[in-house]
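Taking it in order: structure first as structure tokens, then the write-up.
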Amino acid sequence: MKHTCEKQFELQDLSVHVFPSLSPHAPVVYLHGLDGYSRDVLPLLEKEDLPDFSLVTVTVPYDRWSVILAPWSTPAGWPQYVACQKGAPDYLPVFLQEIVPEAERGLREPGARVLAGYSLAGLFALWVMCRTPDFSRVAAASPSLWFPGFRNWFLQQSVPALPESIFLSCSEEEYNTDNEYLAPEKPALEAVERWCREHDIPAVFQLDPGDHYQDVLQRTATAIAWVLMHPAAGSTTRQSQR
């Protein structure tokens, strides 16, 4: 089915577009992205044989990306490509109390909420899962789990509501890197994967060929499609995308 944007609104420096489902009780997918990238994922999803869903895209300006999605600041002196400034704790109430209600106003009895994202938005999705029960599925494509301290922080959390399903992915280059800033990605992903198994959460961990910047749209669409198709009991599996 083809989705049509039936609502668009601005909040602070964010632009939100709502693409409603045709049927009631359909999942609502929230996707943070840069520029129009998040909306460009929609045609890829529409090619798949998926259950009906609504899509809400939140476009984040480039200069705010490493702020509103960062749960805390990276250490002083980190290079620009990994430097982040704490902003997610201030943004989360705005997202939950202003963006979500306005986006869902007018939807036909919205169903389960899915929080999806690529890169830092994928990290944000996992962080939000630990802070609120409002999202029952998580699609974290190539999440920035190199983020300093995230692995230990995650393992200390008492998640308010276990998710129905989680999709995780990582590029092979990131997974096997010896870059001192990015190397924590691998043990952090393995920790989240192990946590899913221990809590009997249906999950998949997918290794993608290439580097972090390849096939971003398709990787994001794959993550969302998987959680839309896996809302119930299952198992944690690994797979390679070739």
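Miscellaneous remarks
- Residues of region 1-21 that are farther than 18 Å from VAL67 by Cβ and either free of Cβ contacts under 8 Å to residues at least 40 places away in the same chain or surrounded by 12 or more Cβ atoms within 10 Å (Cβ to Cβ) (or both): HIS3, THR4, CYS5, GLU6, LYS7, GLN8, PHE9, HIS17, VAL18, PHE19, PRO20, SER21.
- Residue match in region 185-202 (condition: of a type outside the set (Lys, Arg), modelled with pLDDT of 95 or more and part of a strand (DSSP E or B)): no
- Residue pairs meeting the criteria (Cβ under 8 Å; at least 6 apart or on separate chains; first aliphatic (A, V, I, L, M), in region 151-165; second outside any helix (DSSP H, G or I)): VAL159/CYS130; ALA161/PRO133; ALA161/SER136; LEU162/HIS199; LEU162/ILE201
- Within region 118-138, residues that are farther than 14 Å from VAL100 by Cβ reach partners that are open to solvent by 10 Å² or more (accessible area, probe 1.4 Å) and among the basic types (Lys, Arg) with beta carbons closer than 7 Å, at six or more positions or on different chains, in the pairs TYR118/ARG219.
- Scanning region 156-192 for residues that are surrounded by fewer than 16 Cβ atoms within 10 Å (Cβ to Cβ), over 18 Å from ALA125 (Cβ atoms) and either touching a Phe, Trp or Tyr at 6+ places or on another chain (Cβ under 7 Å) or aliphatic (A, V, I, L, M) (or both) yields one hit, ALA183.
Each row is one residue, and each column tells you yes or no for (1) assigned to a strand (DSSP E or B); (2) at pLDDT below 95; (3) touching an Asp or Glu at 6+ places or on another chain (Cβ under 7 Å); (4) of a type outside the set (Gly, Ala, Ser).
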| residue | (1), (2), (3), (4) |
| --- | --- |
| LEU217 | no, no, yes, yes |
| ALA223 | no, no, no, no |
| TRP226 | no, no, no, yes |
| ALA233 | no, yes, no, no |
| ARG238 | yes, yes, no, yes |
| ARG242 | no, yes, no, yes |
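- Within the option set LEU69, LEU34, LEU55, being touching a Phe, Trp or Tyr at 6+ places or on another chain (Cβ under 9 Å), open to solvent by less than 60 Å² (accessible area, probe 1.4 Å) and at pLDDT below 95 holds for one residue only, LEU34.
- Criterion applied to ARG131, ARG105, ARG151 was being open to solvent by 50 Å² or more (accessible area, probe 1.4 Å) and farther than 22 Å from ARG197 by Cα, and the one residue passing it is ARG105.
- Restricting SER119, SER158, SER171, SER144 to residues that are at positive phi and out of contact with any Pro (no Cβ under 6 Å at 6 or more places or on another chain) narrows the list to SER119.
One line per residue, one yes/no per condition, for (1) assigned to a helix (DSSP H, G or I); (2) modelled with pLDDT of 95 or more; (3) out of contact with any helix residue (DSSP H, G or I) (no Cβ under 9 Å at 6 or more places or on another chain):
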{"position": "ASP90", "(1), (2), (3)": "yes, yes, no"}
{"position": "PRO93", "(1), (2), (3)": "yes, yes, yes"}
{"position": "GLU102", "(1), (2), (3)": "yes, yes, yes"}
{"position": "ARG108", "(1), (2), (3)": "no, no, yes"}
{"position": "ALA116", "(1), (2), (3)": "no, yes, no"}
{"position": "LEU126", "(1), (2), (3)": "yes, yes, no"}
{"position": "VAL138", "(1), (2), (3)": "no, yes, no"}
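- Scope region 28-65; condition part of a strand (DSSP E or B) and over 23 Å from VAL82 (Cβ atoms); matching residues: VAL28, VAL29, TYR30, SER54, LEU55, VAL56, THR57
- Selection status of TYR62, touching an Asp or Glu at 6+ places or on another chain (Cβ under 9 Å) and farther than 19 Å from ALA188 by Cα: yes
- For the residues VAL82, VAL41, the requirement of being of a type in the set (Val, Ile, Thr) and farther than 24 Å from GLU102 by Cβ singles out VAL82.
The values are calculated or read from the model by the stated rules, or taken from the named source; none is laboratory data. Keep in mind the model is a prediction, meaning the values are calculated, not measured. All Cβ positions, even for glycine, are placed from backbone atoms using ideal geometry, and neighbour counts span all protein chains on display. Only protein heavy atoms, including side chains, enter the accessible area calculation; ligands, DNA and RNA are left aside. Shrake-Rupley method; radii C 1.70, N 1.55, O 1.52, S 1.80 Å.
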